[in-house]
Amino acid sequence: MIGWFGRKDEKKPLPVERGPLAVGIGGALDLDFLSLEANALGGEPAMPLPLSGPFIVAAYGEVQLDASSVLSRYYDDEHRMIQTMSGGGKPGDAVEDISFYHPWDSVVPSGPQAWSRWTGPNGLIGQEHYDADGIHFHRFWGEGPERTALVEFVEKVDDGEALRSIHQTCMLYYRPLGQSREMLLINVERDLGQGQSQTGSSVEFLIGYGLTPADVRRV
């Protein structure tokens, strides 16, 4: 009787839903930037505003910031990022904050002196202002004119095949853009799989914008 009913199709399991947006790796989100475009009128963005359309999740990252705050990040193949804040980072959790970032620039300092210029006691990252080739940003985190300590955490990033631990130290800046704000996230990234040296580290610059949950829809 074996084989009378043919072989059963081996169906791939559905991707695990990740984070408060409940999207698995390979899943899709639909992004609507019409409100951003309207609010940015009259401003000159540092790079072209993102276009509305699909966002295919290629990786998911998560950081437990404290007992009641989880940072969740959805990445696509273009290294664009949708970032959310929620209480538990679980599907269905209320999204307390949501933003979109896309890569702008990247620097790989060549040695200790070059790294000190960025992250040393008087380094560029953490100062009250940041001048990006004539585009001026104000520091978003920290008060006063003195340099502020960078925010530090380890993000666990899963692309469906491998789990990586990325050590990050960062500072957030902003500037007015029409009736909105343009954010600049300066992020020093180091894959912990590379050991404790700064080999493999880089300084990443991402431009971002605040969104509302209604601007991001699961497909």
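Treating only the Cβ atoms of Lys and Arg (+1) and Asp and Glu (-1) as charged, compute the dipole magnitude of the stretch 119-178 about its Cα centre; round to the nearest 20 debye. Write down the numbers at each step before the final one.
Working: 5 positive and 10 negative charges, 26 e Å.
About 120 debye.
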Area of LEU34 that stays accessible when all protein chains are in place (1.4 Å probe, Å², to 10)
110 Å²
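All other residues with a Cβ under 14 Å from the Cβ of LEU150 taken together, and with Lys, Arg as +1 and Asp, Glu as -1, what is their net charge? The partial results should precede the final answer.
Numbers: positive: ARG139, ARG147, ARG190; negative: GLU128, GLU146, GLU152, GLU189, GLU204.
Neighbourhood net charge equals -2.
Only sites in a loop by DSSP and with at most 16 other Cβ atoms within 10 Å count here; which chymotrypsin sites (Phe, Trp or Tyr not before Pro) in the stretch 136-170 make the cut?
Sparse-neighbourhood loop chymotrypsin sites (Phe, Trp or Tyr not before Pro): PHE140, TRP141.
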Given the chain, longest segment not containing exposed loop trypsin sites (Lys or Arg not before Pro) (DSSP; at most 10 other Cβ within 10 Å):
12-219
With θ taken as phi - 60° and the coefficients 6.51, -1.76 and 1.60, list the Karplus ³J(HN,Hα) couplings across the stretch 34-41 in order, rounded to whole Hz; mark glycine and proline as x.
4, 5, 4, 4, 5, 6, 8, 4
What does the accessible area of HIS129 come to, in Å² to the nearest 10, when a probe of 1.4 Å is used?
100 Å²
Out of SER99, SER72, SER110, any idea which swings most in a Gaussian network model of the chain, alpha carbons joined below 10 Å?
SER110
Cα centroid of the stretch 103-140 to Cα centroid of the stretch 25-49, whole Å
25 Å
What's the extension gain from GLU78 to ALA114 if we count 0.36 nm per residue and subtract their Cα-Cα distance?
10.2 nm
Taking only the alpha-carbon atoms of the stretch 88-185, the convex hull volume per residue, in cubic angstrom, is 168 Å³
Pull up all non-local amide H partners of GLU182: gap of 5 or more, or a different chain, and H-to-H distance under 5 Å with H placed in the peptide plane.
ARG175, LEU177
Between [x] 43, 40, 32; [y] 85, 47, 30; [z] 80, 45, 32, which matches Cα extents along the principal axes in Å calculated for the structure shown?
[z]
Please compute the modelled spin-label separation between ASP131 and SER106, points set 7 Å along Cα→Cβ, answer in nm with one decimal.
2.7 nm
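Which loop-located GluC sites (Glu not before Pro) does the stretch 32-123 contain, where loop means any DSSP state but H, G, I, E or B and the Cβ has at most 14 other Cβ atoms within 10 Å?
Working: sites: GLU37, GLU62, GLU78, GLU96; in loops: GLU78.
Those satisfying the criteria are GLU78.
Counting other Cβ atoms within 10 Å, keep those with at most 10, restrict to DSSP loop, and tell me which GluC sites (Glu not before Pro) in the stretch 114-219 are left. Kindly include the intermediate steps, with their values, before the conclusion.
Values: sites: GLU128, GLU143, GLU146, GLU152, GLU155, GLU161, GLU182, GLU189, GLU204; in loops: GLU128, GLU143, GLU146, GLU161.
Those that pass, being in a loop and sparsely packed, are GLU143, GLU146, GLU161.
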Run the simple label-point estimate for ALA162 and TRP141 please: 7 Å along Cα→C-beta, distance reported in nm.
2.7 nm
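If you add up the charges near LEU71, with Lys and Arg at +1 and Asp and Glu at -1, over every other residue whose beta carbon is less than 12 angstrom from its beta carbon, what do you get? Intermediate values should be presented prior to the final figure.
Details: positive: ARG73, LYS156; negative: GLU62, ASP66, GLU96, ASP97, GLU155.
So the environment of LEU71 carries a net charge of -3.
Can you tally the net charge around LEU124? Count Lys and Arg as +1, Asp and Glu as -1, for every other residue whose Cβ sits under 15 Å from the Cβ of LEU124.
Details: positive: ARG117, ARG139, ARG147; negative: ASP105, GLU128, ASP131, ASP133, GLU146, GLU204.
Neighbourhood net charge equals -3.
The values are calculated or read from the model by the stated rules, or taken from the named source; none is laboratory data. Bear in mind the structure is a predicted one, so any value in this text is a computation, not a measurement. Counting neighbours? That spans all protein chains shown, and the Cβs are built from the backbone with ideal geometry, glycine included. Remember, those area values only see protein heavy atoms, side chains included, never the ligands or the DNA or RNA. Shrake-Rupley method; radii C 1.70, N 1.55, O 1.52, S 1.80 Å.
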